[in-house]
Amino acid sequence: MSDYRLGDDIDDFCVRCKRIMNHSVVSVVNNEPAKVRCRTCHSDHDYRHEQAPPPKVDLRKQALFAEVLKKVSPDDPPPTTPAPTPAPAAPAPKPKSKGKARK
Ligand SMILES: [Zn+2]
């Protein structure tokens with residue numbers, strides 16, 4: 001039976017719900033559902049034949065990110081340093097000697 005009609009119940013993968021959900025056929029092309037609408041989140045999308053789409057996140061990027069996270073140990077301070085305090089131009093004063101301070 002390949003007779004799909006608008007409004008028919010159909011199972012498909014919903015990208016928003018991230019799982020196979022109940023959908024309604026909203027568009028039929030050549031007796032094939034072209035577009036469906038999730039009955040749970042009401043988002044329209046192309047019929048995916050119940051296939052989950054490939055993940056959009058770049059796996060390599062994710063791996064890199066994980067690596068960076070591993071390298072950063074919690075003991076290390078964040079790389080952002082506050083503005084360096086300007087060193088005084090004058091030479092370091094001699095330490096005051098106790099007891100022989102002049103009056
Ligand atoms: Zn959904």
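None of the figures in this text is laboratory data; all of them are computed from the coordinates on show. This one's a predicted model, so the numbers in the text were calculated from it and none came from an experiment. Heads up, the Cβs are rebuilt from the backbone with ideal geometry, glycines too, and the neighbour counts pull from every protein chain shown.
Brief remarks on what is shown
- Length gained on full extension, ALA66 to CYS17: 15.1 nm, using 0.36 nm per residue less the C-alpha separation.
- Total formal charge among the other residues, if their Cβ is under 15 angstrom from that of ASP9, Lys/Arg +1 and Asp/Glu -1: -1
- Scattering profile of region 1-72 at q = 0.12, 0.20, 0.24 Å⁻¹ [log10 I(q)/I(0), Debye over alpha-carbon scatterers]: -0.42, -0.75, -0.96
- Using the average count of surrounding beta-carbon atoms within 10 Å as a protection proxy, the listed peptides 23-32, 59-68 rank, highest first, as 23-32, 59-68.
- Set of aspartates and glutamates near LYS18 by C-alpha distance (under 17 Å), chain-local residues within fewer than 8 positions excluded: ASP44, ASP46, GLU50
- Note on HIS42 and ASN30: the extension gain reaches 1.9 nm, defined as 0.36 nm multiplied by sequence separation minus the Cα-Cα distance.
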